[in-house]
Amino acid sequence: MRILGAVLAAIAMLLAVTFGVMMIVNVLPENAGGFVAPPLITLATLGLLYGYRRLTGRPPWAGLGLTRTWLALPQAVLGAVVGVAALLAGCAVTVWTGAAAWGQAVAAPPPMELVAGFALIVLRASFPEELLFRGHLWDVLSDRLGPRAVLVVTSVSFGLLHLFSQSPASGAGEKVLFMVQAIALFLLCGATRQRTGAIWTAVGVHTAIYLGQFIPIRPTDYGVQLAFQTVTLALAAVLVLAVRRPGSGPRAALPDARPDARPGLIR
C-alpha cells in the first residue's frame with residue numbers, strides 16, 4: 001500500500017501543478033501564457049516537492065538526483081541524442097517495412113528561437129516530470145524496492161497516464177500503442193537515471209520525444225511506427241543498463257563510507 005501511495009502522491013502532485021498553473025495562465029493575456037506557464041510549472045513543482053518531502057520527513061533535495069555538476073548540460077544533451085537516435089531507428093525500420101516513407105525535412109526555425117522553444121519545453125514538461133518520477137518517486141521507492149523494480153514502477157506508472165494525453169494517435173489501438181511507447185521512453189529515462197545517479201540525462205531523453213517531431217517521416221500506418229519505436233526505445237534502455245560505469249567493479253569500502261551517503265547532491 002505504501003508503494004501505491006507513493007505513486008499516487010507523485011501523480012497527484014503532477015496534476016495539482018498542471019491544473020493550478022492552468023488556472024493562473026487562463027487569467028493572463030493569451031500571448032503571455034506560453035512564456036509564463038513553463039517556469040511557473042517548474043517553480044511550482046520544486047515548491048510542492050520541498051513542502052511534501054519536509055512534511056513526510058525526507059530531506060528536501062537529497063536523493064532527487066539534482067547533482068551539482070558541470071556535466072549536467074552535457075548529460076542532458078547526451079540523453080537527447082540517445083533518445084532521438086532510438087526514435088530515428090524506429091522510423092527507419094518503419095520505412096523499411098513499407099509502413100511509412102521519408103518526407104521532406106522540416107525547416108528548422110532560427111537557432112535562438114529553437115533554443116528558446118526547447119528551453120520552454122524542458123521547463124514545462126521534461127524537467128518537472130522527471131523530477132517527480134525519476135527524482136522524488138525513484139528516491140521514495142528505493143527504500144522498499146530493488147533498482148530494477150524501481151525502474152519498472154516509475155516507468156509504467158507515468159507511462160499509463162499517457163493513455164489519456166493528446167497525441168496523433170487515433171482509435172483505441174493506436175492510443176494503447178502510444179501509451180506503451182511512452183512506457184518504453186520512460187524505461188530509457190530510468191535506465192539513464194540508474195546509470196548516472198542523476199536526472200539530467202533522463203531530462204534529455206524525455207525532451208527527445210519533442211525533438212523527434214523534426215524527423216521527416218510520413219507514416220501510412222502510425223501504429224506500426226509506434227510499435228517499432230517502442231522496440232528501439234526498449235532496446236536502447238537495455239543497452240544503457242548493460243554499460244558498466246567506470247569504477248563500478250568490486251572494491252573495498254572506505255572506512256567512513258555510509259550506504260546512505262549521496263555526495264554531490266543539493267541539500
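Taking ARG54, is it modelled with pLDDT of 95 or more, more than 28 Å from ILE217 (Cβ to Cβ) and among the basic types (Lys, Arg)?
On the way: modelled with pLDDT of 95 or more: yes; more than 28 Å from ILE217 (Cβ to Cβ): yes; among the basic types (Lys, Arg): yes.
For ARG54, the condition - modelled with pLDDT of 95 or more, more than 28 Å from ILE217 (Cβ to Cβ) and among the basic types (Lys, Arg) - is met.
Assuming ALA92 fulfils every condition listed in (1) modelled with pLDDT under 95; (2) closer than 26 Å to THR232 by Cα; (3) of a type in the set (Gly, Ala, Ser) apart from one, which condition is it?
ALA92 satisfies every listed condition except (1).
Go through (1) more than 27 Å from ALA10 (Cβ to Cβ); (2) of a type in the set (D, E, K, R); (3) touching a Leu at 6+ places or on another chain (Cβ under 9 Å) one by one and return the number of the condition GLU113 breaks.
Among (1) more than 27 Å from ALA10 (Cβ to Cβ); (2) of a type in the set (D, E, K, R); (3) touching a Leu at 6+ places or on another chain (Cβ under 9 Å), the lone unmet condition for GLU113 is (3).
Which residue out of GLN166, GLN181, GLN194 is surrounded by fewer than 17 Cβ atoms within 10 Å (Cβ to Cβ), under 22 Å from VAL84 (Cα atoms) and more than 12 Å from the chain's Cα centre (by Cα)?
Values: GLN181 fails: surrounded by fewer than 17 Cβ atoms within 10 Å (Cβ to Cβ); GLN194 fails: surrounded by fewer than 17 Cβ atoms within 10 Å (Cβ to Cβ).
Criteria check complete, one pass: GLN166.
Do we find a residue being under 24 Å from VAL93 (Cα atoms) and in contact with a strand residue (DSSP E or B) (Cβ under 8 Å, 6 or more places away or on another chain) anywhere in the range 202-210?
no
Has the range 108-124 got at least one residue that is of a type in the set (Val, Ile, Thr), under 25 Å from THR45 (Cα atoms) and surrounded by 16 or more Cβ atoms within 10 Å (Cβ to Cβ)?
As a first pass, look at the range 108-124 and keep what is of a type in the set (Val, Ile, Thr): 115, 121-122.
The next check asks that each one be under 25 Å from THR45 (Cα atoms); those that pass are 115, 121-122.
Imposing the further condition that a residue be surrounded by 16 or more Cβ atoms within 10 Å (Cβ to Cβ) reduces the set to 121-122.
Yes; the residues of the range 108-124 include at least one that is of a type in the set (Val, Ile, Thr), under 25 Å from THR45 (Cα atoms) and surrounded by 16 or more Cβ atoms within 10 Å (Cβ to Cβ).
Anything in the range 158-194 that is in contact (Cβ under 8 Å) with a residue 40 or more places away in the chain and either out of contact with any helix residue (DSSP H, G or I) (no Cβ under 9 Å at 6 or more places or on another chain) or basic (Lys, Arg) (or both)? List them, or say none.
Result: ARG193, single match.
Could you tell me whether any residue of the range 141-155 is exposed (fewer than 15 other Cβ atoms within 10 Å of the Cβ), of a type in the set (Val, Ile, Thr) and in contact with a Phe, Trp or Tyr (Cβ under 7 Å, 6 or more places away or on another chain)?
The answer is no, given that none of the residues of the range 141-155 is exposed (fewer than 15 other Cβ atoms within 10 Å of the Cβ), of a type in the set (Val, Ile, Thr) and in contact with a Phe, Trp or Tyr (Cβ under 7 Å, 6 or more places away or on another chain).
Select from the range 1-54 the residues that are among the hydroxyl-bearing types (Ser, Thr, Tyr) and farther than 27 Å from ARG144 by Cα and write down the one among them that is surrounded by the most Cβ atoms within 10 Å (Cβ to Cβ). Show your work before the answer.
Taking the range 1-54 as the starting set, the residues that turn out to be among the hydroxyl-bearing types (Ser, Thr, Tyr) are 18, 42, 45, 50, 52.
Going one step further and asking which of them are farther than 27 Å from ARG144 by Cα, we end up with 18, 42.
Details: THR18: 17, THR42: 20.
Out of the qualifying residues, it is THR42.
So which residues in the range 117-145 are in contact (Cβ under 8 Å) with a residue 12 or more places away in the chain and among the charged types (D, E, K, R)?
Within the range 117-145, ARG124, GLU129, GLU130, ARG134, ASP139, ARG144 meet the criteria.
Rundown of residues vs (1) assigned to a helix (DSSP H, G or I); (2) farther than 26 Å from ALA149 by Cβ, yes/no style:
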residue: HIS162; (1), (2): yes, no
residue: SER167; (1), (2): no, yes
residue: ALA172; (1), (2): yes, yes
residue: LEU177; (1), (2): yes, no
residue: LEU187; (1), (2): yes, no
residue: ALA191; (1), (2): yes, no
residue: GLN213; (1), (2): yes, yes
residue: ALA236; (1), (2): yes, no
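The values are calculated or read from the model by the stated rules, or taken from the named source; none is laboratory data. Note that the structure is predicted; figures quoted are calculated from it, not measured. Cβ coordinates were reconstructed from backbone atoms using ideal geometry, including for glycine residues, and neighbour counts include every protein chain displayed.
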